[in-house]
Amino acid sequence: MTLLEAIKARHSVRQFTERPIEPEKVALLQKEVERINAESGLHFQLLTEEPVAFSSKLAHYGKFRNVRNYFAIIGRKSEENNEKAGYFGEELVLLAQTLGLNTCWVGLTYKKNPDVLHIEKDEHVICLIALGYGENQGVLHRSKPFEKVATSEHEMPEWFRNGVEAALLAPTALNQQKFRITLRADNSVEFSKGWGFYTATDLGIIKKHFEIGAQGGGK
Ligand SMILES: Cc1cc2nc3c(=O)[nH]c(=O)nc-3n(C[C@H](O)[C@H](O)[C@H](O)COP(=O)(O)O)c2cc1C
């Protein structure tokens with residue numbers, strides 16, 4: 001499965017089966033976490049067979065069931081880090097999808113487990129990504145129309161269209177899709193975010209999807 005196929009196949013999944021993630025897949029994901037930590041300056045952690053974070057009433061209220069594996073995204077408080085969390089976190093989400101796993105970004109409905117998370121004094125948990133074998137594959141989200149999120153100063157090239165289409169398939173908090181993508185006359189692409197909950201993290205995710213969809217166009 002290519003990353004573009006993973007974008008099309010991915011939907012949030014909140015209920016998981018008991019099937020553990022195979023050690024070779026855990027090792028692959030862990031290796032990717034280490035690469036991302038070195039590149040981003042963030043502090044991602046992969047937790048497996050850890051049921052505490054999603055054992056609260058809040059998690060059940062949020063429709064989560066049987067979440068025992070997750071990525072915790074930890075870093076210093078800044079808008080830049082919130083966006084990076086989205087950009088690099090989505091790399092893990094799409095890799096997981098190619099491995100046959102399912103995911104869901106989680107900003108609110110979890111409990112921090114201090115016994116397993118390594119959080120430095122000046123850091124906090126930006127969000128989690130639930131991970132595992134889903135009971136289902138999720139469903140396609142409702143989406144804003146293309147014209148509501150994309151504008152262009154000249155005729156839209158194919159790569160730009162493909163990038164925006166991939167961005168519209170991205171997960172965003174509350175499915176808010178509060179972003180805009182603009183193609184300038186010089187073929188540079190500008191991304192902007194609206195106001196709201198987790199819009200910086202959403203924007204990082206959008207940039208990752210656009211990059212994969214546009215397949216190098218516009219660079
Ligand atoms: C930054 C972020 C935070 C999210 N937080 C939650 C959450 O706390 N609880 C939840 O059930 N879903 C959460 N989601 C998942 C969104 O609701 C979901 O991505 C959106 O409805 C689009 O659906 P899809 O992911 O199936 O395409 C979050 C998504 C993002 C990107």
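Every number here is computed from the coordinates shown, using simple stated rules; none is lab data. These numbers were taken from a predicted model, which means no experiment stands behind them. We place every Cβ from the backbone using ideal geometry, glycine too, and count neighbours over all the protein chains shown.
Scan the range 48-67 for residues that are more than 16 Å from the ligand (Cβ to nearest atom) and crowded, with 18+ Cβ neighbours inside 10 Å and report the count.
Result for the range 48-67: 1.
Here are some conditions: (1) closer than 20 Å to Gly217 by Cα; (2) more than 13 Å from the ligand (Cβ to nearest atom). Ala167 meets all but one. Which one does it not meet?
Of everything listed in (1) closer than 20 Å to Gly217 by Cα; (2) more than 13 Å from the ligand (Cβ to nearest atom), Ala167 misses just condition (2).
Which condition does Thr98 not pass, out of (1) among the β-branched types (Val, Ile, Thr); (2) more than 14 Å from the ligand (Cβ to nearest atom); (3) in contact with a helix residue (DSSP H, G or I) (Cβ under 6 Å, 6 or more places away or on another chain); (4) within 23 Å of His60 (Cα to Cα), if it passes all the others?
For Thr98, the failing item is (4).
Looking for whichever is within 13 Å of the ligand (Cβ to nearest atom) and either surrounded by 21 or more Cβ atoms within 10 Å (Cβ to Cβ) or among the hydrophobic types (A, V, I, L, M, F, W, C) (or both) here; the options are Val106, Val149, Val116. Which one fits?
Val106
Mind checking which residues of the range 173-219 are in contact with a strand residue (DSSP E or B) (Cβ under 7 Å, 6 or more places away or on another chain), part of a helix (DSSP H, G or I) and without any contact (Cβ under 8 Å) to a residue 60 or more places away in the chain?
Thr199, Phe210, listed by residue number.
Looking only at the range 152-188, which residues are surrounded by 13 or more Cβ atoms within 10 Å (Cβ to Cβ) and either hydroxyl-bearing (Ser, Thr, Tyr) or touching a Cys at 6+ places or on another chain (Cβ under 6 Å) (or both)?
Within the range 152-188, Ser152, Thr172, Thr182 meet the criteria.
For the range 17-27, indicate whether the set of residues that are within 14 Å of the ligand (Cβ to nearest atom) and closer than 21 Å to Glu135 by Cβ is non-empty.
No, because not a single residue in the range 17-27 is within 14 Å of the ligand (Cβ to nearest atom) and closer than 21 Å to Glu135 by Cβ.
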